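S.K.: This structure is in structure tokens; I'll ask about it shortly.
The values are calculated or read from the model by the stated rules, or taken from the named source; none is laboratory data. In this text the structure is predicted, and so the values were computed from the model without any measurement. Note that we place each Cβ from the backbone using ideal geometry, even for glycine, and neighbour counts take in every protein chain shown. These accessible areas exclude ligands, DNA and RNA; they are computed on the full protein's heavy atoms, side chains included. Shrake-Rupley method; radii C 1.70, N 1.55, O 1.52, S 1.80 Å.
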Amino acid sequence: MVSGDAAKEYVAGFAAGIAMVITGHPFDTVKVKLQAHNTKTQVKEYRNALHCTSRIISTEGVKGLYRGATSSFIGIALESSLFFGIYSQTKQLLQGESQISKPQLQVIIPSGAFVGAVISLILGPSELVKCRMQVQGKDSALSSYVRYNSPLDCAIKTIKNEGIKGMFRGGLTTLLRESIGNAVFFTTYESSRYYMHSNLNHPQGQASKLLQDAGIGIITGGISGMAFWATVLPLDVAKTVIQTNPDAKSSRNPMLTLYSIYRRFGLRGCYAGLGPTLARAFPANAAAIVTLELIAKMLGVKRD
């Protein structure tokens, strides 16, 4: 049974997901193109993130940076709603009657890993569609990619060519990325949030308190997002390669995929897209956390 506060956490999480997509999707498009195209052949298609961005804008306009955003809005908004709602409920369940306000790693880590495993079931198919939409484009030199007119067209063609299981290609890699990454995310978020609230003076007045909460949300959300991606980016590279490979019979083993990339491109290849990923991580997650806490406060949810 979902309690009143828990239901409000789901609503606040949904709003946070929308804020994240609006802020971060252009960075994500650049990251996916770098990961998909710069790990295929010895010759890099894009010199760096700035070169990739300029190529997209010159051939497709700004709207090219939002390619695949429709599926991303749906996937990320639902994921974010479940992300914060399930995390909150799992944490409450593991804490029991404990009134300790200090972050408890024995509660945070399994809660974060569990919610990561759950949302990976949604993210797997939605990110497959998003990534396949993003890697195509007028500037792509890789003609082996199937062309899609819309996210729905992409999903239909994937099911037609690969069956339902094709929509879940890269599912194991997504599960590993989300479980490990969200354990890191929530550990960083809960710890930094507790530290800042404990060490900052509490201002007088509603406006001053709101500004301070927003500032804390920006910092804690931003560094937590960066910690997530710095930890699991190699798994994300493997996921992108697995999901966008035109060969349906290619390996889906993330370790074998990463080893293949490492053998050809070294450690640098395993961190393809690091620049735009970290550039996206701070503002996107800052926007998500500030939105989450603002909506939660408006709905009357008490947060530790």
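S.K.: Does any residue in segment 243-264 that is open to solvent by 20 Å² or more (accessible area, probe 1.4 Å) come within less than 6 Å, Cβ to Cβ, of a residue that is of a type in the set (Asp, Glu) six or more places away or on a different chain, and which pairs are these?
M.R.: Note: pairs meeting the criteria are 248/162.
S.K.: Then there's this: How do the pairs read when you match residues in segment 215-239 that are closer than 14 Å to residue 281 by Cα with residues anywhere that are outside any helix (DSSP H, G or I) and of a type outside the set (A, V, I, L, M), using Cβ under 8 Å and keeping only pairs 6 or more apart or on different chains?
M.R.: Filtered contacts from segment 215-239: 233/271; 233/273; 236/273.
S.K.: Exactly one of these conditions fails for residue 175: (1) touching a Phe, Trp or Tyr at 6+ places or on another chain (Cβ under 7 Å); (2) under 22 Å from residue 258 (Cβ atoms); (3) at pLDDT 90 or above; (4) hydrophobic (A, V, I, L, M, F, W, C). Give me its number.
M.R.: (1)
S.K.: While we're here: Which numbered condition in (1) more than 20 Å from the chain's Cα centre (by Cα); (2) closer than 30 Å to residue 8 by Cα is the only one that residue 255 fails?
M.R.: (2)
S.K.: Tell me which residues, restricted to segment 199-230, are closer than 30 Å to residue 36 by Cβ and surrounded by fewer than 17 Cβ atoms within 10 Å (Cβ to Cβ).
M.R.: Result: 230, single match.
S.K.: Sticking with this structure for a sec: Of the conditions (1) assigned to a helix (DSSP H, G or I); (2) of a type in the set (A, V, I, L, M); (3) modelled with pLDDT under 85, residue 121 satisfies every one except a single condition; which number is it?
M.R.: (3)
S.K.: Go through segment 87-113 residue by residue and tally those that are under 28 Å from residue 26 (Cβ atoms) and either without any contact (Cβ under 8 Å) to a residue 40 or more places away in the chain or over 19 Å from the mean Cα position of the chain (by Cα) (or both).
M.R.: Residues that pass the stated criteria total 0.
S.K.: Identify, please: which residue in segment 177-216 is outside any loop (DSSP other than H, G, I, E, B), out of contact with any Lys or Arg (no Cβ under 9 Å at 6 or more places or on another chain) and among the hydrophobic types (A, V, I, L, M, F, W, C) and is, among those, farthest from residue 270 (Cα to Cα)?
M.R.: 207
S.K.: Please go through (1) surrounded by fewer than 20 Cβ atoms within 10 Å (Cβ to Cβ); (2) under 19 Å from the mean Cα position of the chain (by Cα); (3) touching a residue at least 60 places away in the same chain (Cβ under 8 Å) for residue 65 and return the number of the only condition it doesn't satisfy.
M.R.: (3)
S.K.: Then there is this: Is it the case, given these coordinates, that residue 279 is at pLDDT 90 or above and part of a helix (DSSP H, G or I)?
M.R.: Answer is no for this residue.
S.K.: Looking only at segment 69-118, which residues are in contact with an Asp or Glu (Cβ under 8 Å, 6 or more places away or on another chain), open to solvent by less than 50 Å² (accessible area, probe 1.4 Å) and not in a helix (DSSP H, G or I)?
M.R.: Correct list: 103 only.
S.K.: State which residue pairs qualify: first residue within 24 Å of residue 21 (Cα to Cα) and inside segment 292-303, second residue of a type in the set (Val, Ile, Thr) in any location, beta carbons under 7 Å apart, and separation of 6 or more residues or different chains.
M.R.: 295/11; 299/11
S.K.: Would you confirm whether any residue within segment 31-52 is open to solvent by 50 Å² or more (accessible area, probe 1.4 Å) and modelled with pLDDT of 85 or more?
M.R.: No, the conditions are met nowhere in segment 31-52.
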